[in-house]
Each structure stands twice: as C-alpha cells, then as structure tokens.
Amino acid sequence: MAKNERGFDRPEAFAAALARFDPDPLVVCHNDADGLSAGVTLRKAMARAGHPSAVRIVGKGENAYSDAFRDEFAGRPLGGLVIADLGVAPRLPREDVPTILVDHHVPTGHPSDATVISGVTDDPIPTSSLLAYRCAKALGPADDLLWLAAIGLIGDLADEAGFPEMAEARARYGITALRKAASLVNAPRRTSSGDASAAFALLEKADGPKAVLSGEHAETAGLLEAKAEVAAALEAARKLPPKVVGDVAVIRFSSPCQIHPLVAQAWRGRLKDRIVIAANTGYRPGWVHFAARTATDRDILAFLAEHRPAGADEQYGNGHRAASGGALRVRDWNAFAAGLGFGPEMAVGDEGA
C-alpha cells in the first residue's frame with residue numbers, strides 16, 4: 001500500500017484495505033459537519049463497491065476509543081470497521097476486526113494492525129471529509145460526492161482555500177449554498193441532546209447543498225430548530241467576561257449545549273496574545289468540557305500535555321496544535337485550573353454546576 005513519509009496510508013490504500021472486509025461492516029463517525037460528511041461519503045462509496053454498512057454516530061460525551069465503546073462492540077458481529085474523524089489512537093475498539101481510520105487530527109498513537117489514512121502530514125491538511133472523498137474516488141466514480149467534501153471543509157476550517165476540490169465545488173454548487181448547508185448540518189451536535197442522526201440522514205438523502213436547505217426533506221426543519229437553540233445558548237455565554245492569569249484566559253459558563261468551541265473561537269480573536277479556554281460546567285453532569293484556542297504560535301497540544309492532570313483520560317488534549325480541548329471530571333478540572341494559577345473562583349463543585 002502507498003504510504004507517505006510518516007508511514008500513513010494514502011487514500012489509494014482504501015480499496016485494498018476494504019477487500020479484507022467481511023459482510024456487515026460498520027462506519028463510525030464524528031457528529032460534526034466534517035465527520036458526518038465523511039461518514040456519508042464512505043458509506044455511499046462502500047455500498048457502490050459491494051460493501052453495504054451500518055453506521056454509528058458518536059454522540060454527546062462519547063469517545064470511540066473508550067472502554068464504553070469497546071464494551072458496546074465486544075459481542076457484535078462485525079465484518080470490518082471504518083472510523084472517520086475521530087482521531088487516531090494506539091488502541092482500536094476491536095483488535096480482531098479489519099479496521100480503516102480516516103482522520104486529520106494529530107495522532108495520539110499508531111495502531112499496529114489498521115490502515116490509517118491521515119492527512120496530518122500534508123500541507124495544507126485536508127479534513128476527514130476530503131480524505132473520505134479521495135478514498136471514494138479510489139473505489140470508483142464519485143464526482144457526485146464532491147459537495148459532501150466541501151461541506152466538511154467549510155464546517156471544520158476557518159479558511160478552506162488551498163484545495164483544488166474546494167475550488168471545483170465552489171464553481172459547481174456556489175459558496176453561499178455550501179456555507180449555509182455546512183452551518184445547518186453542524187447545528188444538531190451542539191444542541192443539548194447532541195443527536196446528529198437527522199443531519200446524517202439529510203446528507204444521505206440530499207443531492208447537493210441546495211437540497212439540504214430547500215425544505216423538501218423533513219429533517220431540514222429539525223436542523224433549523226437546532227440552530228436556533230444553539231444560537232440562544234451562545235448569545236448568553238458570550239456576555240460573560242474572561243478571567244486571565246498569565247498567558248491563559250478562561251471563560252467559564254454552564255450550558256447543556258456544546259458551545260464551548262464557539263465561545264473559545266470568539267474570544268480567540270479578541271485575546272490574540274493568550275491561550276483561550278472556554279469551560280462549560282453544564283454540558284455533562286460531573287464533568288467540565290472545555291475548548292482551547294489561540295491566535296499565537298503556541299502549540300496547544302503541547303501546552304495541554306504539560307498541564308495534564310493525573311486523572312485525565314482519552315478525552316483530554318486531542319485535536320490540532322491551535323485548536324484542542326477535552327473533558328475532565330470535576331476534581332481533575334479543579335486540579336488543572338489550580339495548576340494554571342487560577343484560584344478558588346475557577347473551582348467547580350462536585351455537582352458540576
């Protein structure tokens with residue numbers, strides 16, 4: 001199989017890896033626009049190649065490499081696993097099943113017996129949905145799936161320029177429709193339920209971004225409601241001021257919605273010389289979910305590794321060098337905040353409120 005200089009497989013390796021699969025494979029994907037687009041693209045391409053699959057969308061507070069996921073998959077007949085936009089970790093959910101990982105995040109390890117198609121060494125780094133589209137093209141004709149790659153690119157990157165596929169998608173579908181569709185598809189995973197199944201279903205049914213927006217499919221109305229819920233939660237959280245210690249600014253709030261990445265991104269532009277952490281104490285009981293962003297040249301992954309509390313698990317410190325975050329149990333968050341130099345005002349009670 002073709003590999004790049006870091007030993008990761010190229011998208012051309014997807015077809016050979018898929019040939020090892022038995023019937024009834026499973027596609028597991030993230031619940032954001034990039035992960036959903038990647039999941040739909042891979043599922044459609046696999047079906048065309050004679051490998052129809054089921055899908056499992058990772059939901060609120062879940063991690064594909066956790067013990068809970070391993071327990072869920074333990075007794076399930078699986079002909080293969082395709083994991084998209086969920087990171088690359090050294091331990092797979094099932095070691096006895098042929099597995100393909102399609103991802104663009106910085107790996108935390110390299111599983112010994114898996115095909116890992118990663119864009120992390122490319123410049124610019126492609127999103128998981130773009131890698132999925134390139135995998136689909138390795139299986140056969142896939143031009144009709146280009147718009148899905150564009151949805152993922154727009155949903156995940158502040159600047160989606162630099163990719164020839166994006167230029168082609170802009171010309172074919174129009175950038176306004178693509179951006180509106182990406183925003184709509186991204187909304188459900190940020191709601192209090194975190195259920196993105198309607199967004200996945202809509203992407204499977206639609207034949208382009210205008211169909212996503214048109215209302216011809218019932219799921220569009222639900223996505224509009226989700227977008228309104230998230231907008232209201234974000235408006236409230238944006239009014240809270242940051243607390244600053246040294247080169248770190250923390251904005252703490254409580255919301256059942258996954259708005260901490262949006263809050264961190266908003267303050268990143270206002271606090272250009274800081275590492276900005278948006279800490280959400282109300283997303284999941286007993287936990288503090290946080291997003292870290294910076295406009296500086298600091299490596300956030302290295303920063304979080306340096307300040308990693310003893311109780312942190314696989315949900316901590318993944319992602320990108322300028323955009324990371326994680327989830328910590330309350331006691332571990334309190335240790336983390338204290339280690340950064342914050343006082344009792346940043347500590348969270350046992351109830352997580």
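Listed values, structure above:
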quantity: Set of lysines near LYS210 by C-alpha distance (under 17 Å), chain-local residues within fewer than 8 positions excluded; calculated: LYS180
quantity: Phi-based couplings in Hz for the stretch 165-180 (Karplus 6.51, -1.76, 1.60; Gly and Pro marked x); calculated: 5, 5, 4, 5, 5, 4, 5, 7, 10, x, 5, 5, 5, 5, 5, 5
quantity: The stretch 59-110 shape via C-alpha gyration tensor axes, a/c threshold 1.5; calculated: oblate
quantity: Estimated inter-spin distance, GLN265 and ARG48, nm [label 7 Å along Cα→Cβ]; calculated: 2.9 nm
quantity: The chain, accessible surface, carbon-and-sulfur percent (1.4 angstrom probe); calculated: 51 percent
quantity: Reachable aspartates and glutamates, given that their alpha-carbon falls under 18 Å from the alpha-carbon of LYS205 and they are not under 8 places away in the same chain; calculated: ASP32, ASP34, ASP143, ASP144, ASP195, GLU216, GLU219
quantity: Residues of type aspartates and glutamates that LYS243 reaches as a straight line, Cα spacing below 18 Å, ignoring anything fewer than 8 places off in the same chain; calculated: ASP273, GLU345
quantity: For the chain: relative contact order, % (alpha-carbon pairs under 8 angstrom, 6 or more apart); calculated: 13 percent
quantity: Under 5 Å, built H, 5+ apart or other chain: amide partners of ARG284; calculated: HIS289
quantity: Percent antiparallel among DSSP beta bridges (both partners in the chain, rounded to 5); calculated: 50 percent
quantity: Charge context of GLY339, other residues only, Cβ under 10 angstrom, K/R +1, D/E -1; calculated: 0
quantity: Per residue value of the accessible surface for the chain (all protein chains in place, 1.4 Å probe), Å²; calculated: 40 Å²
quantity: Alpha-carbon Debye profile of the chain, log10 I(q)/I(0) at 0.12, 0.15 Å⁻¹; calculated: -0.87, -1.34
quantity: Table column - 3J(HN,Hα) (Hz), the stretch 100-106, Karplus curve with 6.51, -1.76, 1.60, x for Gly and Pro; calculated: 10, 10, 10, 7, 10, 8, 5
quantity: Over 16 Å [Cα-Cα, the stretch 134-195], rounded percent; calculated: 48 percent
quantity: The stretch 1-118: C-alpha gyration tensor shape, a/c 1.5 cut-off, then a/b vs b/c; calculated: rounded
quantity: Phi-based couplings in Hz for the stretch 85-97 (Karplus 6.51, -1.76, 1.60; Gly and Pro marked x); calculated: 6, 10, x, 10, 10, x, 10, 8, x, 9, 7, 9, 10
quantity: Mean projected area (nm²) of the alpha-carbon convex hull when the stretch 121-236 is viewed from all directions; calculated: 8.0 nm²
quantity: Protection proxy ranking, peptides 196-207, 170-181, average beta carbon neighbours within 10 Å, highest first; calculated: 196-207, 170-181
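The values are calculated or read from the model by the stated rules, or taken from the named source; none is laboratory data. Just so you know, these numbers come straight off a predicted model, no measurement behind them. Ideal geometry is used to build each Cβ from the backbone, glycine not excepted, and the neighbour counts take in all protein chains shown. Protein only, heavy atoms only, side chains kept; ligands, DNA and RNA dropped before computing areas. Shrake-Rupley method; radii C 1.70, N 1.55, O 1.52, S 1.80 Å.
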